[in-house]
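Enquirer: One structure, as structure tokens, below. Some questions next.
The values are calculated or read from the model by the stated rules, or taken from the named source; none is laboratory data. Owing to the predicted nature of the structure, the values given are computational and were not obtained by experimental measurement. Every residue, glycine as well, gets a Cβ built from its backbone with ideal geometry; the counts of neighbours run over all protein chains shown.
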Amino acid sequence: MIGPYLTKSRYLAGLQCSRRLWLIVNEPQPYEPPVPGSPLDVGQDIGRKAHLLFPGGVLVDEEPWRHSEAVSRTEALMADARVPAIFEAAFEFDGIRIRVDVLERLSDGAWGLREVKSSTGLKERYLDEIALQAYVLTSASVALGSIELIHINTAYVRGPCGVDWTQLFARLDLSATLAPRLLALPGRLPALRDCLGETELPHAAAGGQCGTPYPCEFWARCTADKPVDWIARLPKLSSARAAELTALGIDAISAIPFDFPLTPKQAIIRDAVVSGQPYVARDLNRKLEPFGSPACYLDFEAMMPPIPLYEGTRPYQTLPFQWSLHICEADGSLLHREFLADGSGDPRREFATTLIEALAGASLPIVVYSAYERTQLRDLSTLFPDLSDALGAIIARLADLLPVVRSAVYLREFEFSNSIKSVAPALCPTFSYDDLDGVADGMAASGAFLRLASGAVADAGEAQELRRQLLAYCERDTLAMVETHRALKTLAASNQG
């Protein structure tokens, strides 16, 4: 029976935390395919598109559990001089199994290791993963002539004739950069192999390593015994302060002594957790004066396609495609307007002109809940000089509610977050996002529209359903601002008494 083995993902997990490595091997989570349009799904698509850089390359398509067959297939392809590149080439050495994104045949008989990433450049965390592959290849007597990272080139601009794949991707030589990792790698392996041989779950205290360089999928399990108000949830608590509290035997925010040095915001949170009473700044009413009402409430959704969809756009360029607008009249009645692009072309001009039309003829404050809308409007104003005056007038009316919440209000029910998705339900318990299906956050909205705009959704019924979900989600976000503003005004009024 084959014992536990290392892979790229297991190696990285072990470097991060021995407990994570053990759990991945001994209690693996069920496999779930990436959600369409998610970062993982997009990353896999980028990997496939990179194959276009190597015409004639052959894919080793044996599944991971057929590793021996994949290794044999790789050997056969390497022996065939007609094959210029091998995708997902499989190797094994000394209990380490790897698949190489691209193994390129070089003119001198050597091979090039090519790691493909959907990022815009080299990240520190890539080096260990690539070093492991280089270690296995050289140990397996593969002559490595060069090692490259293939990543997205953000300077590329799509032209009128479609995507130029050789320009979309950049190639970065890492041969020299990897040298220190390769030297350190053999010394790291014994501890990881020892971990694989353990019969019981190793102990490891939850800490900064749990989210660096990757969020640990076992976080909930490893922190199940922590209090709801665990000190790790206290915003911006420095590692030094956390260590001081741990040394005092304190792991709950509610147990932090009143004479322990905290920032003013941290002290507000501690006091609210202890008392259960909301914190409301004395000047909340004054802070709310620029917001009306009556007022408008505005939210944008945007996508950042790694492969530019439209002529004149760059990889990962922000392209707003949807807005939602609630208008609260003087009598408290609500009017809703919205826009969602059809995705057939660059949505930005229609996005801008429909928004200008919807907001024309009024001077009400436009409430937003971040600086995001202001940034996007400025970009649109630069892109479309003929619309700059009208867009500038909209920018002048923006009033950001987020800084008010951050500085003047805290409820225990915020659960240590100032996100609108935490704040609105806490301030207005009858309000919720829970009934939204499919698209329920900004990342899902971006992924859903990217699928629509790229033609990945062929079924008309599915496309219609995605559009319904997008409209419902964006409308809910502006309604959340309406409810939050109303609740804050109520708190401010009660605080005056």
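Enquirer: In region 290-318, what residues are farther than 23 Å from Val368 by Cβ and more than 21 Å from the chain's Cα centre (by Cα)?
Expert: Tyr310, Glu311, Gly312, Thr313 - these are the residues of region 290-318 that are farther than 23 Å from Val368 by Cβ and more than 21 Å from the chain's Cα centre (by Cα).
Enquirer: Which one of the conditions (1) in contact with a Leu (Cβ under 9 Å, 6 or more places away or on another chain); (2) farther than 28 Å from Leu450 by Cβ does Leu359 fail to meet, given that it meets all the rest?
Expert: All conditions pass for Leu359, except number (2).
Enquirer: Of the residues Leu185, Leu189, only one is in contact with a Phe, Trp or Tyr (Cβ under 8 Å, 6 or more places away or on another chain) and not β-branched (Val, Ile, Thr); which?
Expert: Sole residue among the options that is in contact with a Phe, Trp or Tyr (Cβ under 8 Å, 6 or more places away or on another chain) and not β-branched (Val, Ile, Thr): Leu185.
Enquirer: Here is a follow-up. Give the residues of region 249-281 that are farther than 18 Å from Arg406 by Cα, touching a residue at least 24 places away in the same chain (Cβ under 8 Å), of a type outside the set (Gly, Ala, Ser) and part of a helix (DSSP H, G or I), sorted by residue number.
Expert: Ile253
Enquirer: Follow-up. Quick check on this structure: which one of Tyr316, Tyr297 is in contact with a strand residue (DSSP E or B) (Cβ under 8 Å, 6 or more places away or on another chain), at negative phi and in contact (Cβ under 8 Å) with a residue 60 or more places away in the chain? Give the derivation first.
Expert: Working: Tyr316 fails: at negative phi.
Going through Tyr316, Tyr297 in turn, the sole match is Tyr297.
Enquirer: Looking for whichever is in the same structural domain as Lys117 (by TED's automatic domain parsing) and surrounded by fewer than 17 Cβ atoms within 10 Å (Cβ to Cβ) here; the options are Pro202, Pro235, Pro213, Pro190. Which one fits? So that I can check it myself, show each step before the final result.
Expert: Values: Pro202 fails: in the same structural domain as Lys117 (by TED's automatic domain parsing); Pro235 fails: in the same structural domain as Lys117 (by TED's automatic domain parsing); Pro213 fails: in the same structural domain as Lys117 (by TED's automatic domain parsing).
Of the residues listed, the single one that is in the same structural domain as Lys117 (by TED's automatic domain parsing) and surrounded by fewer than 17 Cβ atoms within 10 Å (Cβ to Cβ) is Pro190.
Enquirer: Can you tell me which residue is modelled with the highest pLDDT among those in region 285-294 that are in contact with a strand residue (DSSP E or B) (Cβ under 9 Å, 6 or more places away or on another chain) and surrounded by 16 or more Cβ atoms within 10 Å (Cβ to Cβ)?
Expert: First pass over region 285-294, keeping only residues in contact with a strand residue (DSSP E or B) (Cβ under 9 Å, 6 or more places away or on another chain): 290-294.
Pick out the ones that are also surrounded by 16 or more Cβ atoms within 10 Å (Cβ to Cβ) and you get 291-293.
Working: Phe291: 95, Gly292: 90, Ser293: 85.
Among those residues, the one meeting the criterion is Phe291.
Enquirer: Determine whether Leu23 is free of Cβ contacts under 8 Å to residues at least 40 places away in the same chain, touching a helix residue (DSSP H, G or I) at 6+ places or on another chain (Cβ under 8 Å) and of a type outside the set (Gly, Ala, Ser). Break it down stepwise before answering.
Expert: Values: free of Cβ contacts under 8 Å to residues at least 40 places away in the same chain: no; touching a helix residue (DSSP H, G or I) at 6+ places or on another chain (Cβ under 8 Å): yes; of a type outside the set (Gly, Ala, Ser): yes.
Criteria not met by Leu23.
Enquirer: Please state which one of Pro55, Pro34 is out of contact with any Asp or Glu (no Cβ under 9 Å at 6 or more places or on another chain) and assigned to a loop (DSSP other than H, G, I, E, B). Before the answer, list the steps.
Expert: Values: Pro34 fails: out of contact with any Asp or Glu (no Cβ under 9 Å at 6 or more places or on another chain).
Among Pro55, Pro34, only Pro55 is out of contact with any Asp or Glu (no Cβ under 9 Å at 6 or more places or on another chain) and assigned to a loop (DSSP other than H, G, I, E, B).
Enquirer: Any idea which of (1) free of Cβ contacts under 8 Å to residues at least 60 places away in the same chain; (2) over 22 Å from the mean Cα position of the chain (by Cα) is the one Ser18 doesn't satisfy?
Expert: Evaluating Ser18 over (1) free of Cβ contacts under 8 Å to residues at least 60 places away in the same chain; (2) over 22 Å from the mean Cα position of the chain (by Cα) leaves (1) as the failure.
Enquirer: While we're here: Is it true that Ser344 is closer than 30 Å to Pro235 by Cα, hydroxyl-bearing (Ser, Thr, Tyr) and surrounded by fewer than 18 Cβ atoms within 10 Å (Cβ to Cβ)?
Expert: Working: closer than 30 Å to Pro235 by Cα: no; hydroxyl-bearing (Ser, Thr, Tyr): yes; surrounded by fewer than 18 Cβ atoms within 10 Å (Cβ to Cβ): yes.
No, not satisfied.
Enquirer: Is it fair to say Phe321 is under 26 Å from the mean Cα position of the chain (by Cα), farther than 27 Å from Ala458 by Cβ and assigned to a strand (DSSP E or B)? Reasoning before the result, please.
Expert: On the way: under 26 Å from the mean Cα position of the chain (by Cα): yes; farther than 27 Å from Ala458 by Cβ: no; assigned to a strand (DSSP E or B): yes.
The answer is no for Phe321.
Enquirer: Checking the condition surrounded by fewer than 17 Cβ atoms within 10 Å (Cβ to Cβ) and more than 23 Å from the chain's Cα centre (by Cα), which residue from Leu52, Leu6, Leu40, Leu77 passes?
Expert: Values: Leu6 fails: surrounded by fewer than 17 Cβ atoms within 10 Å (Cβ to Cβ); Leu40 fails: more than 23 Å from the chain's Cα centre (by Cα); Leu77 fails: surrounded by fewer than 17 Cβ atoms within 10 Å (Cβ to Cβ).
Exactly one residue qualifies, and that residue is Leu52.
Enquirer: Filter region 464-497 down to the residues that are loosely packed, with under 15 Cβ neighbours inside 10 Å and not charged (D, E, K, R), then identify the one that is farthest from the chain's Cα centre (by Cα).
Expert: Gly497
Enquirer: Might you check whether a residue that is modelled with pLDDT under 95, surrounded by 12 or more Cβ atoms within 10 Å (Cβ to Cβ) and of a type in the set (Phe, Trp, Tyr) occurs anywhere in region 276-284?
Expert: No: region 276-284 contains no residue that is modelled with pLDDT under 95, surrounded by 12 or more Cβ atoms within 10 Å (Cβ to Cβ) and of a type in the set (Phe, Trp, Tyr).
Enquirer: Right, here's the next one. Please count how many residues of region 143-162 are aliphatic (A, V, I, L, M) and out of contact with any helix residue (DSSP H, G or I) (no Cβ under 8 Å at 6 or more places or on another chain).
Expert: Result for region 143-162: 3.
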